[in-house]
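Engineer: My questions all concern the structure below.
The values are calculated or read from the model by the stated rules, or taken from the named source; none is laboratory data. Predicted model only: the values in this text are computed from it and were never measured. Positions of Cβ are backbone-derived with ideal geometry, glycine not excepted, and every protein chain shown enters the neighbour counts.
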Amino acid sequence: MKRKSTVPILVLCLALLINLTAGTAVHARMGFHRTPADAGFFSGGDDYDYDPGGWSDYGSSSGDSWSSSDSWSSSSSSGGSESSVFSVIILIIIVILVLRSKRKKGGGTSGSGVYRPTGTTRTIPPQQSAAVADQVRVHDPFFTEAEIREKVANLYVDMQRCWERQDWEPMRAHLTDDLFSQMGRQLNELVTRGQINKMERIAVMDVSLMSFHQDEQFDNLTLRLQTRLVDYTIDRRTGKVVSGDPKREKFMTYDWTMIRTLGTKTTALGLDRKDKATSFNCPHCGAPIDLTQSARCAYCGSIVKATEFDWVLSKIRGVSQRTV
């Protein structure tokens with residue numbers, strides 16, 4: 001009886017092994033495309049958590065990240081073979097564990113089969129967020145925690161909308177040049193494949209300040225965002241869903257690093273301007289520039305560095321994803 005019960009499991013494992021081997025050959029012949037999802041492809045088919053409770057090393061290399069100095073790349077043949085070998089090893093371990101459990105007397109239940117992370121993503125305490133705001137105010141007396149939280153939350157929503165519309169130009173004034181270009185190239189991948197990344201029911205549930213420091217050129221402010229959205233991709237021509245699920249919600253956590261030129265101050269007007277436009281003068285021709293719309297001067301065509309006037313997004317790190 002025991003042998004009969006293990007036969008289906010061994011057959012299934014063998015089938016998976018064959019599939020993985022075939023998958024290696026396929027990856028060797030064609031480039032691997034990550035499942036496109038949200039602005040920057042930080043969400044995807046599998047849930048993850050790179051910052052379980054108590055782990056504060058947000059600057060580590062774990063997790064997916066975009067930054068002004070990084071470029072996104074995916075290996076085809078070498079990456080595919082390494083992941084397949086790793087998968088085979090995991091498969092062998094699973095077979096051994098299953099066979100051992102079958103041999104145990106009174107083995108108990110096998111579990112639900114649902115992945116449950118060992119910890120939950122670390123939440124930034126309000127006291128820490130407020131303390132970081134106090135650090136910034138030492139250098140910038142009119143800086144407020146409420147204003148930067150509102151700014152970042154609005155930027156997140158606007159970014160997803162621009163990504164869905166496949167019109168990335170409005171983001172130029174809010175991202176560093178390198179990050180704008182990198183994410184723009186990634187968006188072009190979707191356009192080339194004739195796909196549209198749809199995002200619905202977007203909500204920013206929390207924005208907290210994590211840390212602040214200054215280097216030789218910039219103020220650096222890192223914030224943690226917790227958001228919710230429905231995220232899936234369709235074929236532009238047919239409207240058919242090609243990845244994701246329009247009926248499931250993703251709860252995402254990101255770390256964002258905002259920068260601005262060292263010495264930049266928040267104006268007193270910023271305390272009560274709410275949704276008013278922020279206007280500055282072009283350093284090349286002196287004409288007024290509306291940085292809420294574009295970083296390009298409408299008069300002389302020059303690109304103005306938004307970091308000279310306000311906070312801009314320099315780096316995004318995907319921390320966790322939970323799908324329900």
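Engineer: Please verify whether the range 225-240 includes one or more residues that are part of a loop (DSSP other than H, G, I, E, B), touching a residue at least 12 places away in the same chain (Cβ under 8 Å) and surrounded by fewer than 18 Cβ atoms within 10 Å (Cβ to Cβ).
Structural biologist: yes
Engineer: Going by the structure shown, is residue 305 among the charged types (D, E, K, R), within 23 Å of residue 220 (Cβ to Cβ) and modelled with pLDDT under 70?
Structural biologist: yes
Engineer: Something else: Take the residues of the range 153-181 that are among the hydroxyl-bearing types (Ser, Thr, Tyr) and touching a residue at least 24 places away in the same chain (Cβ under 8 Å): which is surrounded by the most Cβ atoms within 10 Å (Cβ to Cβ)?
Structural biologist: 156
Engineer: Kindly indicate the residue of the range 194-208 that is surrounded by 14 or more Cβ atoms within 10 Å (Cβ to Cβ) and over 17 Å from the mean Cα position of the chain (by Cα) and also farthest from residue 150 (Cα to Cα) among those meeting that condition.
Structural biologist: 195
Engineer: Quick one: would you say residue 251 is over 19 Å from residue 312 (Cα atoms) and in a strand (DSSP E or B)?
Structural biologist: Yes: the conditions hold for residue 251.
Results for (1) within 27 Å of residue 246 (Cβ to Cβ); (2) modelled with pLDDT under 95; (3) of a type in the set (Val, Ile, Thr); (4) in a helix (DSSP H, G or I), shown as yes or no for each residue.
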residue	(1), (2), (3), (4)
170	yes, yes, no, yes
188	yes, no, no, yes
198	yes, no, no, no
201	yes, no, no, no
204	yes, no, yes, no
207	yes, no, yes, no
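Engineer: Report whether or not residue 245 is in contact with a strand residue (DSSP E or B) (Cβ under 8 Å, 6 or more places away or on another chain), acidic (Asp, Glu) and surrounded by fewer than 16 Cβ atoms within 10 Å (Cβ to Cβ).
Structural biologist: On the way: in contact with a strand residue (DSSP E or B) (Cβ under 8 Å, 6 or more places away or on another chain): yes; acidic (Asp, Glu): yes; surrounded by fewer than 16 Cβ atoms within 10 Å (Cβ to Cβ): yes.
Against the criterion (in contact with a strand residue (DSSP E or B) (Cβ under 8 Å, 6 or more places away or on another chain), acidic (Asp, Glu) and surrounded by fewer than 16 Cβ atoms within 10 Å (Cβ to Cβ)), residue 245 qualifies.
Engineer: Do we have residue 119 as outside any helix (DSSP H, G or I), farther than 23 Å from residue 208 by Cβ and modelled with pLDDT under 95 here?
Structural biologist: no
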